[in-house]
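Worksheet for the structure shown next.
The values are calculated or read from the model by the stated rules, or taken from the named source; none is laboratory data. Keep in mind that what you see is a predicted model, and the values were worked out from it rather than measured. Because the Cβ atoms are built from the backbone with ideal geometry, glycine has one as well, and the counts that use them run over all protein chains shown. Please note that ligands, DNA and RNA were not included when accessible areas were found on the heavy atoms of the full protein model with its side chains. Shrake-Rupley method; radii C 1.70, N 1.55, O 1.52, S 1.80 Å.
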Amino acid sequence: MSVAVGSSARPGQAQARSRQERREHRSDAWTRRAPLLPALIFTIILTQLPFVVTLVISFMNWNAYYPDERGFAGIDNFRRVFTDEAMRRSVWVTIVLTAVVVLVSLLLGMLVALLLDQKFRGRGVVRTMMIAPFLVVPVAAALIWKHALFNPEYGLFNGVITAVWKLFGSGNAPQPDWISNAPLISIELALIWQWTPFMMLILLAGLQSRPLDVIEAARIDGASSWQIFRYMTFPHLRQYLELGGLLGSIYVVQNFDAVFTITSGGLGTANLPYTIYQTFYNAQDYGRASAAGVVVVVGTILIATFALRTVSTLFREEGGR
């Protein structure tokens, strides 16, 4: 009889002990997370609440010029975003601008990273100088390109043409108006100059994580530099290229500074963020501007999802080494 009582008491004690441990675990978890609660609430208020308000306004017919017609519009604003000619053109400009800037920046960033991966005197100084364009405020960078480089009267590009023309040519040197003749290319050049250092940093980190013993073994076996790059270095950099491309796309697709500063959206350079700005501040159409903003946010979230997957894959591979 005593054995039965003891055996029945032990499971009860184990269950009580288990419940006590769970309560202590929840208490410890709450103690660790409680200091983060104010920051979480602040982040939600600062980021998610404005987006919820924007989402609500995107389903409303709300134009400041016609205050009496305000009301629920359903999906009409989203339909107008995808059917309006100016919106479609701005979406196309956004795609072209993002693709050109990201791809050229990746290519130049990889070339610079390969150069800076070599050992030479002053490499640290050169790396610091190469990072500098990415640290410039975007509006300041756009102003530099617009006035110091592209200006047809006193810009650096036309000054170089004049100097070369005096040495080898005759007559007056051509003084092209770069922004008027190639407006979208002018914006792309400014953004490529600013984003190439970012791509270089990511790819340089990838180059420095290569297994050097395997590369040295390939050199001993007679592999050329091109073969090492093609079959070993480039496959190793693939995920770093994907990461740089995805992160660059997230930021370039939302670029407003360069378009606003260099061309003010004229000459067919208005991308989607600038068109949203015009719709909101000039046309005072809050509903349609909010709908376009929601479309941009959704597209950015889709790109960010792929970027996070790439980052997690890199972390898993680095942790498995």
ask   = Which one of A289, Y231, I215 has its Cα pushed farthest toward the positive end of the charge dipole of region 213-290, where Lys and Arg give +1 and Asp and Glu give -1 at the Cβ?
value = A289
remark   = When every protein chain stays in place and a 1.4 Å probe is rolled, S225, S58 sorted by accessible area with the largest first are S225, S58
remark   = Expressed in angstrom and rounded, the centroid-to-centroid distance over alpha carbons for region 110-182 and region 38-106 is 35
query = For the chain, modelled as a Gaussian network with Cα springs under 10 Å, which listed residue fluctuates most, F234, F72, F120?
reply = F120
request  = Please list the helices of the chain that count as membrane-span-like by this rule: a mean Kyte-Doolittle hydropathy of at least 0.0 together with Cα atoms stretching 27 Å or more along the helix axis, each helix being a complete DSSP H run.
outcome  = 85-116, 183-207, 286-319
message = Below 8 Å between Cα atoms, with a sequence gap of 6+, how large is the relative contact order for the chain in percent?
response = 27
task = Calculate the dipole size of the chain relative to its Cα centre from +1 charges on Lys and Arg beta carbons and -1 charges on Asp and Glu beta carbons; express the result in debye to the nearest 20.
result = 1220
key: Dipole of the chain [Lys/Arg +1, Asp/Glu -1 at C-beta], most positive-end residue of I301, A182, Y65   = I301
key: Y240, Y231, ranked by accessible area, largest first (probe 1.4 Å)   = Y231, Y240
inquiry  = From Cα pairs below 8 angstrom and at least 6 apart in sequence, can you work out the relative contact order of region 234-314, rounded to a whole percent?
reply    = 38
task = Give, rounded to the nearest 20 debye, the magnitude of the charge dipole that region 177-321 has about its Cα centre when Lys and Arg contribute +1 at Cβ and Asp and Glu contribute -1 at Cβ.
result = 300
remark   = Cα-based Rg then Dmax for the chain, in Å, read 28.5, 119
remark   = the chain, Gaussian network, Cα under 10 Å: of V296, V91, V53, the residue fluctuating most is V53
query = Which percent of the accessible area of the chain is formed by carbon and sulfur heavy atoms (probe 1.4 angstrom)?
reply = 66
query = Between N61 and residues 5 or more places away or on another chain, which pairs have amide H atoms under 5 Å apart, with H built 1.01 Å from N, and which residues are they?
reply = G71, F72, A73
key: Cα extents of region 61-128 along the three principal axes, largest first (Å)   = 71, 21, 18
task = Run the quick spin-label model on V214 and L40: label points 7 Å from Cα toward the beta carbon, then report their separation in nm to one decimal.
result = 4.1
inquiry  = I'm a student and want to see the number: the projected area of the Cα convex hull of region 127-240, averaged over all directions, in nm².
reply    = 11.0
